[in-house]
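Asks: Below are the structure tokens for one structure; questions will follow.
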Amino acid sequence: MDATELLQRYEIGERDFREQSFGKLDLSGATLKGADFKQASFTQVNLQGASLNNANFREAQFQGTSLKGANLENANLISTRMVRVDLTEAQLMESNCRGARLPGVLLKQADLADAVLNEVDLTGAQLEAANLRDANLSRSNLTGANLAGANLDRANLTISLLNESNCKGASLIKAMLNGANLTRANLSEVDLSFAKLSGANLTGTSLAKAQLRAANLSWSTLRDADLSGASLYRTKLNWSNLTGALLREAVLMSANINKTNFRHANLDNTIMPDGSTFGERRA
């Protein structure tokens, strides 16, 4: 089926295009709202700027496809497979991508607010400055993903894999990261105020100059983590393991450090929960 036939059939009211194969079509700027493309395949198709909101792409296959700037709001993308796909600046608000396979996909500045992304494979995905506010990313795989400057406020990342990801400067205010794996991730300068990280693995993670005000890090692992210059005001660190962690010039004012393990940690010039500076002499 060529582009002209597809658009003509859509124009006269046809919406069922399930299991169709589309290759090397130019559908840039096309309107295909609400169309059913379940189990369809798109190979080297140009859908840049297309209106695809409320469309059904369940179990569809995309390869070498451009969806740059496309509107996929409220689209069904459950269990889709995408290889070398460009979703830069795409609109994916409230879309359902559960179980999708999106490794290495370009999602720079994409809007994924309120999207369902649980159990999604986003390994190596490029999500710089993306909007993931209130998105559900529980049990998702973001290993090696680039989330620098992204908005993840109130996002659900419970039991997700974020090891070796780059989240520098991202906003994760009130995000849920309980049980998440953040091993060797770059979380420098992130805002994790009021975030929940109970039981998270942050071994070797950089949290330099991070904002962790009132965050819950109880029962978490922070072995060899870099928390230099971080703000941990009223942070819960009870029963956490900070063996070998770097806390130089960090602020622990009013933090809960009950049963916290600071063995071999560097606390030079750290402001402790009682307001004193670690190592200072008191009269």
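Asks: Give me a count of the residues in the range 241-260 that are crowded, with 20+ Cβ neighbours inside 10 Å, in a loop (DSSP other than H, G, I, E, B) and touching a strand residue (DSSP E or B) at 6+ places or on another chain (Cβ under 7 Å).
Replies: The number of residues fulfilling the criteria is 3.
Asks: I would also like to ask the following. If you take just the strands (runs of 3 or more DSSP E) that sit entirely in the range 1-76, which of them hold at least 3 residues that are over 29 Å from the mean Cα position of the chain (by Cα) and free of Cβ contacts under 8 Å to residues at least 24 places away in the same chain?
Replies: 21-23
Asks: Also, I was wondering about something else. Which of the residues that make up the range 191-203 are part of a loop (DSSP other than H, G, I, E, B) and touching a Ser or Thr at 6+ places or on another chain (Cβ under 7 Å)?
Replies: Pass one, the range 191-203, residues part of a loop (DSSP other than H, G, I, E, B): 192-195, 197-200, 202-203.
Hits for the range 191-203 are Leu197, Ser198, Gly199, Ala200, Leu202, Thr203.
Asks: When you go through Leu202, Leu147 one by one, which is the residue that is more than 25 Å from Ala90 (Cβ to Cβ) and buried (at least 24 other Cβ atoms within 10 Å of the Cβ)? Full working, then the answer.
Replies: Numbers: Leu147 fails: more than 25 Å from Ala90 (Cβ to Cβ).
The conditions single out Leu202.
Asks: Now for a separate question. So which pairs qualify, if the first residue must be in the range 102-126 and more than 18 Å from Phe57 (Cα to Cα), the second must be modelled with pLDDT under 95, the Cβ gap must be under 8 Å, and the two must be at least 6 apart or on different chains?
Replies: none
Asks: A follow-up question, please. In the set Lys236, Lys259, which member is under 20 Å from Thr221 (Cα atoms), over 30 Å from the mean Cα position of the chain (by Cα) and of a type in the set (D, E, K, R)? Working first, answer last.
Replies: Details: Lys236 fails: over 30 Å from the mean Cα position of the chain (by Cα).
Lys259 is the lone residue from the list that is under 20 Å from Thr221 (Cα atoms), over 30 Å from the mean Cα position of the chain (by Cα) and of a type in the set (D, E, K, R).
Asks: Right, another one. Considering only residues that are crowded, with 20+ Cβ neighbours inside 10 Å and farther than 14 Å from Cys167 by Cα, which ones fall in the range 123-138?
Replies: Passing the criteria: Arg133, Ala135, Asn136, Leu137, Ser138.
The values are calculated or read from the model by the stated rules, or taken from the named source; none is laboratory data. Since the structure is predicted, the reported quantities are computational estimates derived from the model, not experimental observations. Here the Cβ is made from the backbone with ideal geometry for all residues, glycine too, and neighbour counts use every protein chain on show.
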